[in-house]
Each structure stands twice: as structure tokens, then as C-alpha cells.
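> Just passing along the structure, written as C-alpha cells.
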């Protein structure tokens, strides 16, 4: 009897081992409403097969925790990243290429695939794309006597619109500012270089060019623009900016008449100001050429992942258009129009106009630079010094380039 019981238990253990699912650990930085779509897709994946059990975790301070886990040899199987981090992470030897994933990458927009490639290899599955430009509330334009359907077309017109939209109180303090080119904690100071005809790295050498004539011209313009409104007035006004993801969003409350942002602002508008009608136009360029900065979210497989095959299985599942599109909370589909479900355009009121700009604009990305995070810190530090008047434009940008070159040599 004891032998029979032993055999029965042994068989049960063996069957559990044979049929046990292997875990696929996924880290994302989404929370609350943004977390729900990926959780629903993970549940759908788990129900669709019995080989893998995907588990998704919302991780705060994701980059730092990923670096720590990577160093400890215990990274997740999949991590939610952004295209601007591909080159630094690949340079660390921390992502594996997914050229052999078995996904038809031709269904993605061409510029989207450009964002996820580095040195000839694909390092992630594109899951979401955003386009940046000038946003405004149409009623605000109407009240100021401006065409609510047309944004500024030139740098000069941007200044003209901003001054017309700016409102002061009796004390001469800013009540509404026409445009803030460097919104604290929510800014992309480097994009101005693109719109003044420059690049952040030399396309031939790959070396940083933040002190180029175009960059100097861009930051001199920024400085003169800020000074025209008075630095102290601007600092006091900025002190009243509320959290982005709240009903006190500085743009949606009307404190900023024009706002440079990604198309996720439409998602914030749906949540906090559903009655507003927004306008959009590319940020003007000094040479009149239409340019739009873009960022692409990706899922990548870290080196050292314990379940690479499970991670690839989840990515193949996610790459089905009906699944992938669920993660696009903004207005842009990463997929070509013929692969994007029709309901996406029916539910996204700004999608068609943004699609048209993507076709007519030069799409630019942050550079594929191995020390991009450090480079970005240097650019932001220089922008702070410049707008505060503590360093000249030339000195601040020269220091930024010198510092990043020193780090690059190391």
C-alpha cells in the first residue's frame, strides 16, 4: 500500500513538473490607467496557451532598478524601454537583438523601425509611438483673434503668437504665458537644435556637436525669448505649475496658451478636460522645413534573461495588430495604416491630422549615442545655466561638449 501511495505521489509530482508553466517576468513603468492595457494583454496571453505564465510588474524608478538587476545577473525577461535608451543599453551589452523574432516587421511604419535599429540590428518590438509639436486650446486662440485651426508657421510667428496670447495682471505678473519653451521637469531642450537646422551628433563621426553654430543660434534665441518676458516673472509664474497628470495640468488649465508636447496630451485632455478642442502643428523650424520629433516605446529582452524563448513568445503574441494597438493610448499607431484596426481611427479624434503630419514632416529622433543619458544631462545643465544667465551660451555649450567628450574617452 505504501509503495502504491509513493508511486502515486511521484507521478503527481512528475506531472506537475511536466505541465508547469515557465514564468515570463515583464517590467513596465506604467501605473494606474496606463497599466491596465498591458495587464489585460498579459491575461489574454496566459489564457491563449499553457506553456508560459507571463507576469507583469509596475516598477517605479525603472531604469535604476533595471541597472541594479542587470549587474546582479537577475534582470526581467522583458523590459519596457524607449528608443532613446537603445544605444546606451546596447553599448553596455545589455539587450539582445531580436532580428530572428519571427515577426513581420514590414507592418510597422518605416520611421518607427528606424528608431529601434542600432548598428544594423533590431533591439526591440515597437509598441507605441508619439509625435511632438505645438498644441493649443482652440477657444483660447479664438478669444485672442487667432485662427483656431492654424498654429504658428515660423519662429517669428511663434513669438508673435506667444506675445498676443500672454496675459498680465495689474501688478505686471504673468497670468497666462503664450509659450514656455523649457517647461521645468517636462522639457526637451535638445529638440531646438533640430529646428535650427543642426544635429546633436556628427552623422559621419558620431561625435557630439552641441556647440555647433546651429546649436548656439538655437540657445541664443531661447535666451532672448526668455529675457523678453523677464526671468523673475517667468520663475514666479512657473512656481504655479501643477502636476502634469492632474486636473492642475498647466496647459489644460489655460495657464500656458501653447504647449510643446507629445500626443499623449490628448489622453490627459480626455481625463481632465474632456470638453476642450485642441489644435496641433509642428514646432516651426528656422529654415521653414516641417520637422516633428518622435519617440517610440519598445519591449526589449535583456542579456541574462532567464526565459528568452518565453519572452519571444510573448512578443510574437503582442505583435498581432489587434493586440499591439491596445497599448497605443495616444493618437498614433506604430503600424502602417493598412495594418491598424479601423476602430483605432474612429476612437482617436486627432489621429488623422497627426498621421498627415507624419507623412509631410521630417521625423527626427534623439541621436543613437552610447552615452545619451549623460549627454542629455549635460544639455539640460547647459540650458539651465543659459536661461538663468549664469553662463554665456557659448561657454555653457562648450562645457557640455567638453564634459561629454571626456566621458566618451573614458
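> Mind checking the angle between helix 213-229 and the chain's longest principal axis? C-alpha axes, 0 to 90 degrees, to the nearest 10.
Between the helix axis and the principal axis of the chain, the angle is about 60 degrees.
> If you average the sequence gap of Cα pairs under 8 Å that are 6 or more apart and divide by the length of region 256-410, what percent do you get for the contact order?
Values: 95 pairs, mean separation 33.6, N = 155.
Taking the mean separation of contacting Cα pairs over the length of region 256-410, I get 22 percent.
> Kindly express, to the nearest 10 degrees and within the range 0 to 90, the angle between helix 393-409's C-alpha long axis and the longest C-alpha principal axis of the chain.
The answer is roughly 20 degrees.
> Find how much the distance from residue 50 to residue 272 grows on full extension, using 0.36 nm per residue of separation minus their present alpha carbon separation; answer in nm with one decimal. If you can, show how the numbers build up before the last one.
Values: separation 222, 0.36 × 222 = 79.92 nm, distance 4.07 nm.
Answer, rounded to one decimal: 75.9 nm.
> Treat each spin label as a single point 7 Å out from the Cα along the C-beta direction, and report the residue 110 to residue 156 distance in nm.
3.4 nm
> When ranked by the protection proxy of mean other Cβ atoms within 10 Å per residue, highest first, what sequence do the peptides 156-167, 328-339 form?
328-339, 156-167
> Another question, if that's okay. Need one number: % antiparallel among DSSP beta bridges in the chain, to the nearest 5.
Just about 65 percent of them are antiparallel.
> Would you mind getting the Kirkwood hydrodynamic radius of region 85-154 from its Cα pairs, rounded to one decimal in Å? It would help to have the intermediate numbers written out before the result.
Values: mean 1/r = 0.0648 Å⁻¹.
Computed over region 85-154, the radius equals 15.4 Å.
> Give the Kirkwood hydrodynamic radius (Å, one decimal) of the chain, defined as one over the mean of 1/r across all pairs of different Cα atoms. Write out the running numbers ahead of the final one.
Values: mean 1/r = 0.0428 Å⁻¹.
Hydrodynamic radius (Kirkwood, Cα only) of the chain equals 23.3 Å.
> Using C-alpha positions alone, give me the convex hull volume of region 143-285 per residue in cubic angstrom. Please list the in-between numbers first.
Values: hull volume 18.3 nm³, N = 143.
Cα convex hull per residue, to the nearest whole number: 128 Å³.
> Here's something else I'd like to know. Using only helices, what value at 222 nm comes out for the chain when you add -39,500 (n - 2.57) per DSSP H run of length 4 or more and divide by the total residues, to the nearest 500 deg cm²/dmol? Don't skip to the end; give the middle numbers.
Values: 17 runs with 178 residues, N = 410.
About -13000 deg cm²/dmol.
> Which value results for Rg/Rh of region 277-410 when Rg is the Cα radius of gyration and Rh the Kirkwood radius based on the inverse mean 1/r?
1.08
> Something else about it: Enter the Cα centre distance for the pair region 291-340 and region 106-177, rounded to the nearest angstrom.
Distance between centres, Cα-based: 25 Å.
> For region 286-326, max minus min Cα coordinate along each principal axis, in Å, sorted largest first?
That works out to 50, 28, 11 Å along the principal axes.
> How far, in degrees from 0 to 90, does helix 351-360 lean away from the longest principal axis of the Cα atoms of the chain, to the nearest 10?
Tilt of helix 351-360: around 70 degrees.
Quick note: the coordinates plus some simple rules give every number you see, no bench work behind them. Here the structure is a predicted model, which means the values were calculated and not measured. Glycine also receives a Cβ, built like all others from the backbone with ideal geometry; neighbour counts cover every protein chain displayed.
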